[in-house]
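What follows is a short report on a single structure.
The values are calculated or read from the model by the stated rules, or taken from the named source; none is laboratory data. Note that the structure is a prediction, hence the values are computed from the model and not measured. When we count neighbours, we look across all protein chains shown, and the Cβ atoms used for this are built from the backbone with ideal geometry, even at glycine.
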Amino acid sequence: MFRFFLYILGVFLVSVGIFFTIIYCNLLTMGYSILDLGKFIIKTNEFWFIILGLVLLGVALERWIKYELLLRHNSKLERFKSL
């Protein structure tokens, strides 16, 4: 249940961060350069929501990813054993 909560929170934070980052791209039409826009976006809290959300997603899916890789590895070994 806790991992499910982390997953939902991670998806929400990434969504909010990407939403505001896309909105901030409108600053390009007001005369900001790409470098100025990049500096501005990195300083905002919404950009850090993306980073935090990705970390939470990684923590929530850590065990699933490990077992998925283990299953793939075992299935490859079983094919070689049958030959």
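Could you please find all residues in segment 6-24 being β-branched (Val, Ile, Thr) and touching an Asp or Glu at 6+ places or on another chain (Cβ under 7 Å)?
Kept after step one, since they are β-branched (Val, Ile, Thr), are these residues of segment 6-24: 8, 11, 14, 16, 18, 21-23.
Passing the criteria: Val16, Thr21.
Identify the residue in segment 35-75 that is surrounded by fewer than 10 Cβ atoms within 10 Å (Cβ to Cβ) and at pLDDT 90 or above and, among all such residues, is farthest from Met1 (Cα to Cα).
The residue in question is Leu35.
If you go through segment 1-35 one residue at a time, how many are more than 11 Å from Glu46 (Cβ to Cβ) and among the β-branched types (Val, Ile, Thr)?
Matching residues across segment 1-35 total 4.
Please verify whether Leu28 is aliphatic (A, V, I, L, M), without any contact (Cβ under 8 Å) to a residue 12 or more places away in the chain, farther than 23 Å from Gly10 by Cβ and surrounded by 12 or more Cβ atoms within 10 Å (Cβ to Cβ), treating the condition exactly as stated. First the steps, then the outcome.
Details: aliphatic (A, V, I, L, M): yes; without any contact (Cβ under 8 Å) to a residue 12 or more places away in the chain: yes; farther than 23 Å from Gly10 by Cβ: yes; surrounded by 12 or more Cβ atoms within 10 Å (Cβ to Cβ): yes.
Answer is yes for this residue.
If a residue must be in a helix (DSSP H, G or I) and over 30 Å from Ile34 (Cβ atoms), how many such residues does segment 1-22 contain? Outline the logic, then answer.
So in segment 1-22, the residues in a helix (DSSP H, G or I) come out as 2-22.
Filter again for over 30 Å from Ile34 (Cβ atoms), leaving 2-9.
Total meeting the criteria: 8.
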